[in-house]
Amino acid sequence: DAGITQSPRHKVTETGTPVTLRCHQTENHRYMYWYRQDPGHGLRLIHYSYGVKDTDKGEVSDGYSVSRSKTEDFLLTLESATSSQTSVYFCAISEVLVNGVNQPQHFGDGTRLSIL
Amino acid sequence: GQQLNQSPQSMFIQEGEDVSMNCTSSSIFNTWLWYKQDPGEGPVLLIALYKAGELTSNGRLTAQFGITRKDSFLNISASIPSDVGIYFCAGRGAGGFKTIFGAGTRLFVKA
């Protein structure tokens, strides 16, 4: 799966608790992304990173923060989880070619998060 | 924001039949992508299209980048049971890396 590892793969937690999901890549790609997948919505971008310590918001960023201290790791944190954040979370990576073309994203296998 | 309309939402077909699904957008895209997702796994890239009018095949799969740059279709010929899954279209604008995804087409194949 393009050298992407997400952890944990499954998590059940309670409302109000902090949660951190980890994405680790071995491809040395510049761009990393966090998506959530919900029925009827496809994949929606939460946050993305275009380099170490360089991150920006996606379309559904409220309630989420991210950090990227190393090229290979991109962390997604829910500071105080809510039931509406129950979802499947996917990490993706991509690289930019020397001609500036951004290659298609490749995805990890997801983290299923349930917030009770 | 940008949205992709993917249809149909689901399809129930017999093994051996051909399948067609499409995506339309109100915005112009410079790249169209098609992914397949199996249960419990992440989406896997099937075909990438970079030019308007481009027609690209990957085995039994064929996808086209619409001339208007606002649509794309994916055809699967002679479907087999392992084609079961969710197929997503995705579009990307000029100079961008942000990718917009359709809601998916869920394909069921009866042997």
Checklist entry - Summing Lys, Arg as +1 and Asp, Glu as -1, what charge do residues with Cβ under 11 Å from the Cβ of B:Gly40 carry, B:Gly40 excluded? => result -1
Next on the checklist: To make sure I understand, if each residue's beta carbon is the centre and we count other beta carbons within 10 Å, what order do B:Tyr87, B:Tyr50 fall in, fewest to most?
Outcome noted: B:Tyr50, B:Tyr87
Checklist entry - To the nearest 20 debye, what charge dipole does chain A have about its Cα centre, counting +1 at the Cβ of each Lys and Arg and -1 at the Cβ of each Asp and Glu? => result 120
Next on the checklist: Just to be sure I follow the rule: in the protein assembly as shown, considering lysines 8 or more places apart or on different chains, how many pairs have Cα atoms under 19 Å apart?
Outcome noted: 9
Item to check | Fewest-first sequence of A:Lys53, A:Lys11 by Cβ atoms within 10 Å of each Cβ | outcome: A:Lys53, A:Lys11
Item to check | Reduced Cα scattering model of chain B, Debye log10 I(q)/I(0), q = 0.15, 0.20, 0.22 Å⁻¹ | outcome: -0.58, -1.00, -1.19
Checklist entry - From the Cα gyration tensor of the stretch B:22-69, with a ≥ b ≥ c the square roots of its eigenvalues, which class applies: rounded if a/c is under 1.5, or else prolate if a/b is larger than b/c, or else oblate? => result oblate
Checklist entry - If you rank A:Arg36, B:Arg60 by fewest surrounding Cβ atoms within 10 Å, what's the result? => result B:Arg60, A:Arg36
Item to check | Charge dipole of the protein assembly as shown about the Cα centre (unit charges at C-beta), most positive-ward option of A:Val60, A:Thr15, B:Phe73 | outcome: A:Val60
Checklist entry - Of B:Gly42, B:Gly102, B:Phe12, whose Cα points farthest to the positive end of the dipole of the stretch B:5-109 (charges on the beta-carbon: +1 Lys, Arg; -1 Asp, Glu; origin at the Cα centre)? => result B:Gly102
Checklist entry - Charges only on Cβ, +1 for Lys and Arg, -1 for Asp and Glu: so what's the dipole of the protein assembly as shown about the Cα centre, in debye to the nearest 20? => result 300
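Since every read-out is calculated from the coordinates, none of them should be taken as a lab result. In this text, all values refer to a predicted model and were calculated from it rather than measured experimentally. No Cβ is skipped: glycine too gets one built from the backbone with ideal geometry, and neighbour counts run over all protein chains shown.
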